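The values are calculated or read from the model by the stated rules, or taken from the named source; none is laboratory data. As the structure is a computational prediction, the values presented were derived from the model and not from experiment. Positions of Cβ are generated from backbone atoms using ideal geometry, with glycine treated the same way; all protein chains shown enter the neighbour counts. With ligands, DNA and RNA removed, areas are computed over all heavy atoms of the protein, side chains included. Shrake-Rupley method; radii C 1.70, N 1.55, O 1.52, S 1.80 Å.
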Amino acid sequence: MKALLLSVLLLLPAASAQGNAPPTSQPTTVTTPAVPSTLTLSAPLGTQVELQTTTISRTGVSNVQVTALPGSAASADELATIRRSVMAGMAGAQAVTVKGKVFYRVTGRDAGGNVTLLSSVVQNVPGQPPVTLRITQTLARNGAVSGLKVESDTPALNAAFAGLASEKLQELANQNGANFAAVYGQPLVVNQPRSQTVTVDATGLLSGLLGAFASQAELPELFGQIQSTPLQLTTVTTYGGLNAQGLHTFAQTSRYDRWKINVGGSADLPRFEVEMTDGQASSTQIYRKDGLPGPSSQTSRQMLNMTVAIEGVQVSLTMTIDQSVTMTLR
């Protein structure tokens, strides 16, 4: 998906009338309306910023219901046992804290002012090796993004990214904070909100990302059975001006529309449904004078209704996921 761009309106002064003014008239003063400045990535080639990330996730479960599907021989006692097992499994869930790193590095610059930015994310995963993502993109002065490329040191992820078309990669970047079109090239007008709405084809995105894992798990038919409604995200970005250190500050609020995905439903694959009933996030972001991203903080909440059917039993529950992400200078 192509990044949505907001046009910068340049206010030009009106032309003064031609001819000689009457001798008794006062000199005419022509005022030129101020043109808002814009944030550009002016950092020299090789400039890098390193940030430490701390992600805290909390998951809550409620409204657990276990029912027998038509034709099932499950008894009431068996259903009650399954429900207690689900509740017990989630009752011990605690807040999970994950540490990581993010690097932003200017790796290219051409005569037209286009800058290539490499964003490297190293995320620790409990009980597994760290996951590394590298997002390369070229940013024009007006914030337009091109040449987007995503790579990983994890073979399965790398294979999944390699199978995605460029527009799908852009959708992924948009959903993971790597879309800078709402900041670069936009007029820096304090307290003037700008709204941006993107629609993601979640079916294709999930199929491409998870296809590599499906082949590893020998479930190739899984991804032919993914169905979902379009995922629409509206983000409002507001420039807050310069802070005490002279750095640019931005605030963003995001909201997802209701979204539903269905997977499976065949004899070999149990039916799995997820519906997002509420999804929202808010964040603050600091950018350096040379345009490189700096410290940030974000909080988000997602409320999901989940249903899975397996072996004649259907389990339904509501899951609430709260997450906070902070990025600080190292």
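Straightening the chain between Gln192 and Asp257 buys 21.0 nm, computed as 0.36 nm per residue apart minus the Cα-Cα spacing. Local charge sum around Gln302 (other residues, Cβ-Cβ under 12 Å, Lys/Arg +1, Asp/Glu -1)? Computed value for this residue: +1. Note on segment 56-117: with charges restricted to the Cβ of Lys and Arg (+1) and Asp and Glu (-1), its dipole about the Cα centre is near 440 debye.
Each part gets one Cα centre, and for segment 106-147 versus segment 301-330 those centres are 29 Å apart.
To put it simply, the accessible area of segment 98-159 at a 1.4 Å probe is 55 percent carbon and sulfur.
Per-residue extension of 0.36 nm, minus the Cα-Cα distance of Ser85 and Lys99, leaves a gain of 2.0 nm for this segment. Using the Cβ-Cβ distance between Asp201 and Leu45 with R0 = 41 Å, the FRET efficiency computed as 1/(1 + (r/R0)^6) comes to roughly 0.70. Peptides 122-132, 313-323 ranked from most to least packed by the mean count of surrounding Cβ atoms within 10 Å: 313-323, 122-132.
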